[in-house]
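Each reported figure results from applying straightforward, stated rules to the coordinates on display, with no laboratory input. The structure presented is a predicted model; accordingly, all values stated were derived computationally and were not measured. Using ideal geometry, Cβ is built from the backbone for each residue, glycine included, and neighbour counts are taken over all protein chains shown.
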Amino acid sequence: MLAQHDRPALTEVTLRNSRRADVMAIGRDGTVWIVEVKSSVPDYRSDAKWQEYRDFCDRFFFAVPPDFPAEIIPDDCGLIIADTYDGAIVREAPDLRLNAARRKAVTLRFARMAAERLTRLNLEMSAV
């Protein structure tokens, strides 16, 4: 779904605060989105750390399954309804606007992580 919005993404992105975002995506304009995936209400309710991701993105979303009660997701977060095959943004996330220094650091971390993963994949493929 993020690719359809022209936002290449990485999963399991470690942030500078040692938290790990489920999904991070970057648009052509440099805006950074973080998507926190919640599979169930107990999964959502047991997670107190999601607010710590907001300092590392321009927009923050929750992605939940179709049967998830959307009304429990805070209004100041974007909402994506997703299943195994696709997803849809049903509520836009507010624009949090990273400052320039943080944007540079987040973008550099994202790029290095993507390059490291690609290098590892290429090494694995050449070993086959």
Within the chain, helix-based [θ] at 222 nm, where runs of 4 or more DSSP H residues each add -39,500 (n - 2.57), nearest 500: -8500 deg cm²/dmol
Cα extents of the chain along the three principal axes, largest first (Å): 47, 38, 28
Descending principal axes extents, the stretch 1-58, alpha-carbon based, whole Å: 34, 24, 16
Inter-label distance for Ala100 and Thr14, nm, one decimal - labels placed 7 Å from Cα along Cα-to-Cβ: 3.0 nm
Relative contact order [Cα under 8 Å, 6+ residues apart], the stretch 44-128, whole percent: 25 percent
